[in-house]
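One structure is given here, and the rest of the page talks about it.
Any read-out appearing in this document is the output of simple, stated calculations on the displayed coordinates, not a laboratory observation. All values reported here derive from a predicted model rather than from experimental measurement. Note: ideal-geometry Cβ built from the backbone for every residue, glycine included; neighbour counts use all protein chains shown.
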Amino acid sequence: MKDTAALDRTLPSSQVLGPAIEYALETVDLSWSVGGFAIVSDVGLRVRRGEFLTVIGPNGAGKSTLMNLLSGVYRPSSGSVHFDGQDITKMGAAHRVRRGLGRTFQTSSLFAGLTVLENARLAAQAALGGSMNLWGRPSAHDRATERAREHLEEVGLHDMGGNIVSDLPYGDKRKLEIALALCARPRVLLLDEPTAGVSAEDVYALIDVVRAVHDSGRTVVMVEHRMDLVLDASDRIAVMQDGGLLLCDDPNAVMSDPRVQAAYLGPEF
């Protein structure tokens, strides 16, 4: 577990946008409702540049909805999202990617019938503004191919470029999804439960990839349901409950908080 002092406690919404410190990502009173029912309610969260922040909470706590609000998949009912100090609340998902806010999803978005390299090259083409033609004859050394190979190497798939995606173990598919997100060169990477569905023997290797991505200088915000996987990697842990932010603090403080112990670790913890 990192011996890191708390960067900030859960703050009143009026203090979220403090002028003295610049943050990579911030939310102010962020809320999203469906049919009058609040899924995410008044979340005020700020993430420092270069930080590894993990969001935990039980099913239905609002974690994935928060990621959809941050990435622009959903438009908030109220509140705002700020990226590098700019209000991006009304900006669509594609524009946020171009600004430097990357994202992976719980469900796979890979082309199962293509190779690993072909999937990565398409992501690199999109990031570079090129054609999305699947059937062209790309050069082995064009910009998109070189970028694709760079990020496949970063996630440990450099020797698997010719493999068909449908044949990959699920853990390698998750690594490929991270590589595709990296092809857009994000400064902030949002990871929505990257270990979901990954076998027990592969999950720690996947977390090592995520840690390496963070150590390369990127800001990482990750949703995860297993606390044992995130304690050593995280600078801070944000705990969500019933759509709200229960606590955001360093791992030691979160582990010792009686509310977290009661809600997530059980009364005997």
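Worth a mention:
- Span from the the range 147-166 Cα centroid across to the the range 212-245 one, whole angstrom: 25
- Vicinal HN-Hα couplings computed from phi for the range 181-188 (Karplus, 6.51 cos²θ - 1.76 cosθ + 1.60; Hz; Gly/Pro x): 5, 5, 4, 7, 6, x, 8, 10
- Projected-area mean, the range 18-106, by convex hull of Cα positions, square nanometres: 6.0
- Computed lengthening from Glu201 to Phe37, 0.36 nm per intervening residue step minus Cα-Cα distance: 55.1 nm
- Interchain or long-range residues, amide H under 5 Å from Ile88's placed H: Val81, His82, Phe83
- Note on the range 149-247: dipole from Cβ charges, positive end direction compared against Val209, Met222, Gly162; the farthest Cα belongs to Met222.
- Relative packing of peptides 242-248, 188-194 - highest average C-beta neighbours within 10 Å first: 188-194, 242-248
- Potential extension, Leu231-Arg259 segment - 0.36 nm per residue separation minus Cα distance: 8.4 nm
- Net charge of neighbours whose Cβ lies under 13 Å from the Cβ of Ser64, counting Lys and Arg as +1 and Asp and Glu as -1: -1
- Among beta bridges from DSSP that stay inside the chain, the antiparallel ones total about 55%.
- Rounded to the nearest 20 debye, dipole of the chain from Cβ charges on Lys, Arg, Asp, Glu: 1020
- Neighbourhood charge, 11 Å Cβ-Cβ cut-off, centred on Gly197 and excluding it, Lys, Arg +1 and Asp, Glu -1: 0
- Sorting the segments 152-161, 197-206 by their mean number of nearby beta carbons within 10 angstrom, highest to lowest, gives 152-161, 197-206.
- Nearest-ten-degree value, helix 200-215 long axis tilted from longest Cα axis of the chain: 90
- Value of relative contact order over the chain, rounded to a whole percent, pairs C-alpha under 8 Å and six or more apart: 28
- Helix 143-154 and the longest principal axis of the C-alpha atoms of the chain enclose an angle of approximately 50°.
- C-alpha long axis of helix 116-128 to longest principal axis of the chain, angle in °: 70
- Estimated distance in nm for a label pair at Asp208 and His158, the labels positioned 7 Å out from Cα along Cα-to-Cβ: 1.5
- In the range 174-213, the C-alpha radius of gyration followed by the widest Cα-Cα span (Dmax) gives 10.2, 30 angstrom.
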